[in-house]
Amino acid sequence: MLPNTLVKSYKESVMKMGRFVENLFDRSVYALMNRDSEMAKKVIIDDKIADEMRDDLVEKSVCLIGEYAPVGKHLVEISRGIILVNALEMIGDRAKSIASNTTKLVKEPALKALVDLPKMASTTEEMIRTSLFVYMDRSNSSKIDKLLKMEEYVDVLDVAIEDELKLYMMQSPKNVVRAMRLIFISKDIEEIADLCLKVLHSGSGKFSIEMKR
């Protein structure tokens, strides 16, 4: 039988990765907003740490299943952890992509003031934090409806940003590359918001049922 202490330790390790990835995304957004090339480069490097944390946790999951053959609740906890760490690794990859595009954007004058991208990022940051809370404590599942509405808001902003940047591209060929990089960043943030729902899926049985309907 898998001891509860090991399950608790496992979930704490997953949360440690979650907090690291959340910080990775926060720093990628800071680098974008402040045109901080050095910060962006550090995010790119630190993404490797997130990859290593994912690999270690997947290996730990396999070892726990192999050694203790958990069933019922404990097996569900480990399975959810595997889903979660893979989603977190993908969030880290999107943060790295944002940072990579930032290192290129800062080499040229800013195309426009960033208005909706910060709103997208702020909403997505809150989604990451909330979905992790739900994973750790399923009594927070009441936050699911709020998170779904937040994801819809991010989608709306993503469409608005793309539409606006397309106008800039139509104005001058000189704007195309910078506009496309900002569109790529918007898509990265939108994808992170989608991945938060995957994180939420791993943490809430209620959400799993709703998603199947």
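Residue by residue, here is whether (1) within 21 Å of Ile161 (Cα to Cα); (2) touching an Asp or Glu at 6+ places or on another chain (Cβ under 7 Å) holds:
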residue	(1), (2)
Phe25	yes, yes
Leu32	yes, no
Ser37	no, no
Asp51	no, yes
Arg54	no, yes
Gly92	no, yes
Val106	yes, no
Pro118	yes, no
Ser131	no, no
Report task. Would you mind finding the one in Asp194, Asp188 that is surrounded by fewer than 21 Cβ atoms within 10 Å (Cβ to Cβ), of a type outside the set (Gly, Ala, Ser), under 18 Å from Met127 (Cα atoms) and modelled with pLDDT of 85 or more? Result -> Asp194
Query raised in the report: All but one of (1) surrounded by 16 or more Cβ atoms within 10 Å (Cβ to Cβ); (2) modelled with pLDDT under 95 hold for Lys8; which doesn't?
Result: (1)
Query raised in the report: Any chance the stretch 66-84 includes a residue that's in a loop (DSSP other than H, G, I, E, B), at pLDDT 95 or above and out of contact with any helix residue (DSSP H, G or I) (no Cβ under 9 Å at 6 or more places or on another chain)?
Result: no
**Report entry** Criterion (closer than 30 Å to His74 by Cβ and hydroxyl-bearing (Ser, Thr, Tyr)) met by exactly one of Ser13, Ser28
**Finding:** Ser13
Report task. Could you tell me whether the stretch 162-176 includes any residue that is crowded, with 16+ Cβ neighbours inside 10 Å, under 21 Å from Leu195 (Cβ atoms) and of a type in the set (A, V, I, L, M)? Result -> no
Requested in this report: Just give me the residues in the stretch 108-159 being closer than 27 Å to Ile78 by Cβ, of a type in the set (A, V, I, L, M, F, W, C) and either surrounded by fewer than 14 Cβ atoms within 10 Å (Cβ to Cβ) or touching a residue at least 24 places away in the same chain (Cβ under 8 Å) (or both), in sequence order.
Outcome: Met127, Ile128, Leu132, Val134, Met136, Ile144, Leu147, Leu148
Query raised in the report: So how many residues does the stretch 16-51 have that are surrounded by 15 or more Cβ atoms within 10 Å (Cβ to Cβ) and closer than 30 Å to Val71 by Cα?
Result: 5
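The values are calculated or read from the model by the stated rules, or taken from the named source; none is laboratory data. Note that the structure is predicted; figures quoted are calculated from it, not measured. Every residue, glycine as well, gets a Cβ built from its backbone with ideal geometry; the counts of neighbours run over all protein chains shown.
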